[in-house]
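Let me begin by presenting the structure, written as structure tokens, before commenting on it.
The values are calculated or read from the model by the stated rules, or taken from the named source; none is laboratory data. Note that the coordinates shown come from a computational prediction; the quantities given were computed from them, not determined experimentally. For neighbour counting, all protein chains shown are included, and Cβ atoms are generated from backbone atoms with ideal geometry for every residue, glycine included.
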Amino acid sequence: MSMVRAGARGGAMSEPNITPLIDVMLVLIIIFMVINPPNPLGLDALVPQPNPNAEPPSLDVINRTVVVSIGDEYPITHKVKINQDEVDIRLLGQRLEDIFKTRSERVMFVRGADSLPFGDVAAVIDVAKGAGIDKIGLMTQKIESENR
């Protein structure tokens, strides 16, 4: 791009040097990419891995373990089970708060039927996070059958 001629015929003509401008812009782009790395989004989930050499858990550990089961009938009835107690999904948060208010370890597991969409399982995980559960593990039928 040329600038307006200064002077009469055959006068000096100047053009801006844009190479330093491009260099500065590239350096700024690299700096902003390094400063702002993309943050991954999603739910943190723990999937228990079976230990083939482990002994069966003690009765005390089994009694302290909280498992929220979501059955095939969940979309229709809106009912889940905390261990063996059936609970309406709207009351799940309060029940979990009552269970975990005296415990130091806030860990629970979610077991969902294979036919359920993950959105239903994620809704239960969201309620549990809202109730103050620190760690939530996912249980599958395959892992459960390997532990037996």
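General remarks:
- Taking each residue of the stretch 98-113 that is in contact (Cβ under 8 Å) with a residue 60 or more places away in the chain and looking for partners that are assigned to a loop (DSSP other than H, G, I, E, B) and surrounded by 10 or more Cβ atoms within 10 Å (Cβ to Cβ) with beta-carbon atoms closer than 9 Å, six or more apart or interchain, yields Phe109/Pro48; Phe109/Thr65; Phe109/Val66.
- Meets criteria (surrounded by 17 or more Cβ atoms within 10 Å (Cβ to Cβ) and farther than 21 Å from Pro75 by Cβ) for Met139: no
- Taken over the stretch 119-148, residues that are modelled with pLDDT under 85, part of a helix (DSSP H, G or I) and not acidic (Asp, Glu) amount to 5.
- The numbered conditions (1) outside any helix (DSSP H, G or I); (2) loosely packed, with under 13 Cβ neighbours inside 10 Å are all true for Ile62 except (1).
- Residue that is modelled with the lowest pLDDT, among those in the stretch 1-40 that are part of a loop (DSSP other than H, G, I, E, B) and polar (S, T, N, Q): Ser2
- From the list Val87, Val124, Val80, Val68, the lone residue that is aliphatic (A, V, I, L, M), touching a Ser or Thr at 6+ places or on another chain (Cβ under 7 Å) and surrounded by 12 or more Cβ atoms within 10 Å (Cβ to Cβ) is Val80.
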